[in-house]
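Below you'll find the structure, written out as structure tokens, and then a few comments.
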Amino acid sequence: MDVKWIIAIMFIGVGLIFSSVGGLFLYSDMMLKKSGVHAEGIVVELLFDGSVYKPLVRFIDQEGEEIEFFDRTGTNPSMFMIGDKVEVYYESDNPYTARLAGSWNIFYFSFIIGGLLFAIVGFFLQYGFIMQDKEYLKKKGIKIHSEFLRVEKNEGFKVDGESPFRIVSRAKSGGVYYTFYSKNLWVDPSDKIKDKIAVYVDSRDMSKYYVDLSELNI
């Protein structure tokens, strides 16, 4: 696989991972805030771990017990000062699950938005590379007429649970059969198929190709 494709896939993969992590943390906080118990706490200490400050928060739970906890994430500089009053929420049967209300939502959104931007850049890079390869092959490649095999669903790609169609064809070169796959199509092209499908291939590497559907008016 070319380095450029690896870069595009890395952008997409990293972006989706960041967005998923941010989304999971945000969802977890929202569910706890919705179903948990609310209390008012106070910042009694700031712990510096060498890189960030984490607030130590004290509050009284619904049983009247004094609870202290460190928030799970820190910042530098600190978002809080000693003596700040904060909103706390926790699971009713376990006050030691306490978290600060809304303190990290902006970071979760940053993960989600930043991840989506990474993924979008990756998709644009991928599209750009496809277009570059298409134009290069149409200008410098060899046009062959491959044998139509079938129309199939591309199960490796889904949008809202639906997979697009693609045309599969093959051609023989040097005693070896090569299989070609068209771009994704959201309308079944079966009624427009001819026996031969035009394909532009790189004479030095048959794995680099572009299936030309213009003759089929697709």
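Inside the stretch 136-158, can you point out the residues that are farther than 16 Å from Asp188 by Cα and loosely packed, with under 11 Cβ neighbours inside 10 Å?
Scanning the stretch 136-158 gives Lys139, Lys140, Gly156.
Regarding Lys183, is this residue more than 29 Å from Ala8 (Cα to Cα) and part of a loop (DSSP other than H, G, I, E, B)? Don't jump to the end; show me each part of the working.
Values: more than 29 Å from Ala8 (Cα to Cα): no; part of a loop (DSSP other than H, G, I, E, B): yes.
Criteria not met by Lys183.
Got a sec? Which of Lys139, Lys172, Lys183, Lys194 is under 26 Å from the mean Cα position of the chain (by Cα) and over 30 Å from Phe25 (Cα atoms)?
Result: Lys183 is the single residue among Lys139, Lys172, Lys183, Lys194 that is under 26 Å from the mean Cα position of the chain (by Cα) and over 30 Å from Phe25 (Cα atoms).
Taking Phe80 as the residue in question, decide whether it is more than 22 Å from Phe109 (Cβ to Cβ), at pLDDT 85 or above, among the aromatic types (Phe, Trp, Tyr) and not assigned by TED's automatic domain parsing to the domain that holds Tyr209. Quick ask: steps written out before the conclusion?
Details: more than 22 Å from Phe109 (Cβ to Cβ): no; at pLDDT 85 or above: yes; among the aromatic types (Phe, Trp, Tyr): yes; not assigned by TED's automatic domain parsing to the domain that holds Tyr209: yes.
In short, no.
All but one of (1) under 22 Å from Ile112 (Cα atoms); (2) more than 34 Å from the chain's Cα centre (by Cα) hold for Glu66, so report the exception by its number.
In the conditions (1) under 22 Å from Ile112 (Cα atoms); (2) more than 34 Å from the chain's Cα centre (by Cα), Glu66 misses (1) alone.
For the stretch 49-72, which positions are of a type in the set (Lys, Arg) and more than 14 Å from Asp84 (Cβ to Cβ)?
Across the stretch 49-72, the qualifying residue is only Arg72.
If you scan the stretch 194-218, which residues turn out to be assigned to a loop (DSSP other than H, G, I, E, B), over 13 Å from His145 (Cα atoms) and of a type in the set (A, V, I, L, M, F, W, C)? Explain how you work it out, then say what you get.
Kept after step one, since they are assigned to a loop (DSSP other than H, G, I, E, B), are these residues of the stretch 194-218: 194-195, 203-204, 213, 217-218.
From what's left, over 13 Å from His145 (Cα atoms): 203-204, 217-218.
The answer is Ile218, and nothing else.
Pick from Ile193, Ile120: which is at pLDDT below 95 and farther than 26 Å from Ile9 by Cα?
Values: Ile120 fails: farther than 26 Å from Ile9 by Cα.
Only one candidate passes the filter, namely Ile193.
Hand me the list of strands (runs of 3 or more DSSP E) wholly inside the stretch 1-114 holding 3 or more residues that are of a type in the set (Lys, Arg) and in contact with a strand residue (DSSP E or B) (Cβ under 8 Å, 6 or more places away or on another chain).
none
The values are calculated or read from the model by the stated rules, or taken from the named source; none is laboratory data. Note that the coordinates shown come from a computational prediction; the quantities given were computed from them, not determined experimentally. FYI the Cβ positions are ideal-geometry reconstructions off the backbone, even for glycines, and counts take in every protein chain you see.
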